[in-house]
Amino acid sequence: MGKWRTTLKSGLLSIRNSETNLGKLTLSFDLSASAAKPISVRVESFDANRKRTGARVGTIYPAAPDFFQRYALDLSNLKPDGTGKFDPTAPFVQFSFEGGSAADGTRGEYQIRLDNVNYSTPAFYVSPKGSDQSDGRTEKTAFATPQKALDVAQPGDIICLMQGTYDGGSGGVASFRRGGAPDAWIVLKNYPGQKPTLTSTGWNIVSIAGGSKEKPSDDPSLCYLEIRGLHVRGVGDVAKTKYPDAMNKPDSRTNSNGIAVDGRYLKNHPHHLRIADNLVEYCTAGGIGVGESDWFYIENNLSRYNSWTTIYATSGISTLGAFNFDAQDNVYKILVRNNVCYRNETFEIWEEIKKPSDGNGIIIDVNQGTNDLPNSKYIGRTLVQSNLCFDNGGSGIHTVKANRVDIINNTAYLNSASKNLEYSQIFTYGSQDVRIINNILIAPVANLAADEKPEPVNKIADDNANPNKDVVFSHNIYFGGNIPATLGKGDVIADPQFVKPTRDPKIADFHLKPGSPAVGKGVTLPFSPF
């Protein structure tokens, strides 16, 4: 049987566009496919006579079957395709989405579902050299602050931050004021080819939040929002010496989060959010955190050197609690994938347990509706996929009192680096319906006293009030440290043979060498590969 392809086309669409910078043209959409196979996305231009003039093409990778995901493709990141040259000012365009069979051409039903297609250019520009008295509509009339742009942004607006540093001082730099719409997200992103830096000593450098414990907000939901391509930098490398009076206190200078979504005090919780392609580093508390929200995607971020001076239990990437935007039961609605997290660690005492805690690469925390967060009993599923976590003080990846989490195709290397903690590389605590499959876990050899026992490379840790239930380990590779606490079907103890395994991010290479025992040891799943 030969290979087959299936294509979904928009037909010719009439547009009016004068922008020639392909980096400013963004095609965004929601897509679900019945199989997690790569899909080619093609944008074609046509002249007034409806003759094709050129095209650009790229590839997207659905994380799992039948999982509606948000995609945003800047045309500059697509490659020329076929004859001719794509004309961004052409009067007609056509979008096509093409998927195919397995390599052997296996027959089977295959569907692509598409919704909320948007083809747009920036609405506002921001530059450190700009003025908030300007209109923000062009590079020459840019606003000076991201907050000004967010204050006036409406659904569908893209805000481009130009090169430079945006310092919020003791406050935040960017706080979203309103939500977008399903087909018109509000986007805060980098100007094409530039990497703007956002910094402050406020509680949150970039935030989607509102209200307070004393006075929760009943404003419309902060939803359909995207934060993309930014450099968010805290002061964690200098806070201890620069702000000694703020150490070990609830002071924002030593407890500042990078990108924070907090729905605790919003009666209308955040939903449909995407945090992608950001560098988040040296934040004195958490790197990227999302709380009490639904339908969100944390993708392709680098979160490093965070949580060094906080008195709280923060991590490189964390989700805390959840809420149910809809009644869809046991389907993927939260995605954490293709992120890199390293050297996140807590050093100060967390008052609640009288010692440091967390400083993990990734944590999925408390969504069972327990006493911690009684209103957060989550009925959706969370997919943690294809992340690399190494040299974090706490775990590489773990769940705490969480339901319905799949940890698939991740690499955890020499985490539990803290002298104060002995965490496993990937583990569960008081969680239910968790699948840990096709991961590589490498544990350090603990430097402990003779009467102490090192933590295993993995484990299932019970909480008396919230016992683990339906936890599956399968087809993982374990090496180093103590032996695994539990071995599942297809699990292997072997050196995976990375090309350059090291804690040094400048030279580390976690690709597998030819002949690695990890090759071919995974189980075939309907998930996108790394």
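The values are calculated or read from the model by the stated rules, or taken from the named source; none is laboratory data. Not measured: the values here are computed from a predicted model. Positions of Cβ are generated from backbone atoms using ideal geometry, with glycine treated the same way; all protein chains shown enter the neighbour counts.
Regarding residue 245, is this residue surrounded by fewer than 19 Cβ atoms within 10 Å (Cβ to Cβ), on the phi < 0 side of the Ramachandran plot and outside any helix (DSSP H, G or I)? No: the conditions fail for residue 245.
Being of a type in the set (Gly, Ala, Ser) and more than 21 Å from residue 183 (Cβ to Cβ) is a condition met by at least one residue of region 113-130.
Pull up region 513-530, narrow it to residues that are under 20 Å from residue 458 (Cβ atoms) and surrounded by 14 or more Cβ atoms within 10 Å (Cβ to Cβ), then point me to the one that is nearest to the chain's Cα centre (by Cα). Of everything passing the filter in region 513-530, 530 is nearest to the chain's Cα centre (by Cα). Within region 383-400, the residues that satisfy the criterion of being surrounded by fewer than 24 Cβ atoms within 10 Å (Cβ to Cβ) and farther than 14 Å from residue 437 by Cβ are 388, 391. Filtering region 250-274 to residues that are among the hydroxyl-bearing types (Ser, Thr, Tyr) and either closer than 14 Å to residue 239 by Cα or buried (at least 23 other Cβ atoms within 10 Å of the Cβ) (or both) leaves 252, 254, 256. Annotation: residue 84 fulfils all but one of (1) exposed (fewer than 14 other Cβ atoms within 10 Å of the Cβ); (2) out of contact with any Asp or Glu (no Cβ under 6 Å at 6 or more places or on another chain); the unmet one is (1).
Out of the residues in region 462-489 meeting the condition of being modelled with pLDDT under 85 and crowded, with 17+ Cβ neighbours inside 10 Å, tell me which one is nearest to residue 391 (Cα to Cα).
481
Look at (1) touching a Leu at 6+ places or on another chain (Cβ under 8 Å); (2) within 26 Å of residue 445 (Cα to Cα); (3) modelled with pLDDT under 95 and you find that residue 373 fails only one, number (2).
Quick check on this structure: which one of 93, 41 is closer than 24 Å to residue 229 by Cα and not assigned by TED's automatic domain parsing to the domain that holds residue 225? The unique qualifying residue is 41.
Taking region 360-370 as the range and being within 23 Å of residue 69 (Cβ to Cβ) and either modelled with pLDDT of 95 or more or outside the structural domain of residue 429 (by TED's automatic domain parsing) (or both) as the test, the residues that pass are 361, 362, 363, 364, 365. Identify all residues within region 397-447 that are among the charged types (D, E, K, R), part of a loop (DSSP other than H, G, I, E, B) and in contact (Cβ under 8 Å) with a residue 40 or more places away in the chain; write none if there are none. The one that is among the charged types (D, E, K, R), part of a loop (DSSP other than H, G, I, E, B) and in contact (Cβ under 8 Å) with a residue 40 or more places away in the chain: 401. Every condition in (1) buried (at least 24 other Cβ atoms within 10 Å of the Cβ); (2) out of contact with any helix residue (DSSP H, G or I) (no Cβ under 7 Å at 6 or more places or on another chain); (3) more than 19 Å from residue 402 (Cβ to Cβ) holds for residue 310 except the one numbered (2). Being within 19 Å of residue 197 (Cα to Cα) and under 16 Å from the mean Cα position of the chain (by Cα) is the filter here, so list the residues in region 275-297 that pass it. If the condition is that a residue be within 19 Å of residue 197 (Cα to Cα) and under 16 Å from the mean Cα position of the chain (by Cα), then 275, 276, 277, 278, 279, 280, 281, 286, 287, 288, 289 are the ones that fit. Picking from 31, 27, 78, 12, which residue would you name as being surrounded by 20 or more Cβ atoms within 10 Å (Cβ to Cβ) and over 30 Å from residue 406 (Cβ atoms)? Result of the check over 31, 27, 78, 12: 78. What single numbered condition from (1) of a type in the set (D, E, K, R); (2) in a strand (DSSP E or B); (3) surrounded by fewer than 17 Cβ atoms within 10 Å (Cβ to Cβ) fails to hold for residue 70? Going through (1) of a type in the set (D, E, K, R); (2) in a strand (DSSP E or B); (3) surrounded by fewer than 17 Cβ atoms within 10 Å (Cβ to Cβ) one by one, residue 70 breaks only (3). Residue 492 meets each of the listed conditions (1) exposed (fewer than 14 other Cβ atoms within 10 Å of the Cβ); (2) modelled with pLDDT under 95 apart from (1). Summed over region 143-191, the residues that are part of a helix (DSSP H, G or I), closer than 20 Å to residue 266 by Cβ and not polar (S, T, N, Q) give a count of 2. Taking the conditions exactly as written (within 24 Å of residue 272 (Cβ to Cβ) and in the same structural domain as residue 255 (by TED's automatic domain parsing)), does residue 314 satisfy them or not? No. On the stretch given as region 37-81, residues that are over 24 Å from the mean Cα position of the chain (by Cα) and of a type in the set (Ser, Thr, Tyr) total 2. Applying the selection to region 288-314, what residues are among the acidic types (Asp, Glu) and assigned to a loop (DSSP other than H, G, I, E, B)? Of everything in region 288-314, just one residue is among the acidic types (Asp, Glu) and assigned to a loop (DSSP other than H, G, I, E, B), namely 292.
Residues in region 211-239 that are touching a helix residue (DSSP H, G or I) at 6+ places or on another chain (Cβ under 8 Å) and touching a residue at least 60 places away in the same chain (Cβ under 8 Å): 239 only.
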